[in-house]
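Single-structure report; data block below.
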Amino acid sequence: MLVKAKNRKLAIILAFAGAVAPVSGLHKFYLGQHFWGVLYLLLSWTPIPRVASAIEGVWYLSQHPQEFDLNFNTGLSEASATEPQTVNPDHIGAIADSLRQLDQLRQDGLISEYEFEQKRRQLLDRIS
């Protein structure tokens, strides 16, 4: 079963739209983070999801497209789960940067410990 890859530009647009629109969190639903999408909707009467959406929009915008793919487009098919994934040594720096950004998001409370651990393992599996 193949799943369509998430488009970085669309995620950026949805995140920034959530920063100015009365309803935030559409980018979370688009990226498959349904829990966070619901939480953003429930908190839409406060400025918290708008600020978080703006921060995430900047984060997506500042990411290299490969880094975005590492974060949001891993494991798109059953075949990719069985094939070993390798990383070009040049990309190890990008993975390290992604880990730092993930840790910062976790410390800021924007992602849960569980989400952090899932993404951390996905990134580290690409190195080995």
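Values computed for the structure shown
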{"item": "Under Karplus coefficients 6.51, -1.76 and 1.60, residue-wise ³J(HN,Hα) of region 114-125 in Hz, glycine/proline x", "result": "5, 5, 4, 5, 4, 5, 4, 5, 4, 5, 5, 5"}
{"item": "Linear extension gain, I55 paired with L42, 0.36 nm per residue minus alpha-carbon span", "result": "2.8 nm"}
{"item": "Charge context of A17, other residues only, Cβ under 13 angstrom, K/R +1, D/E -1", "result": "+2"}
{"item": "Phi-based couplings in Hz for region 16-32 (Karplus 6.51, -1.76, 1.60; Gly and Pro marked x)", "result": "5, 5, x, 6, 10, 7, x, 10, 10, x, 4, 5, 5, 5, 4, 7, x"}
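FYI, it's all coordinate maths here, none of it is from the lab. Note that this is a predicted model, so its numbers are computed, not measured. Note that we place each Cβ from the backbone using ideal geometry, even for glycine, and neighbour counts take in every protein chain shown.
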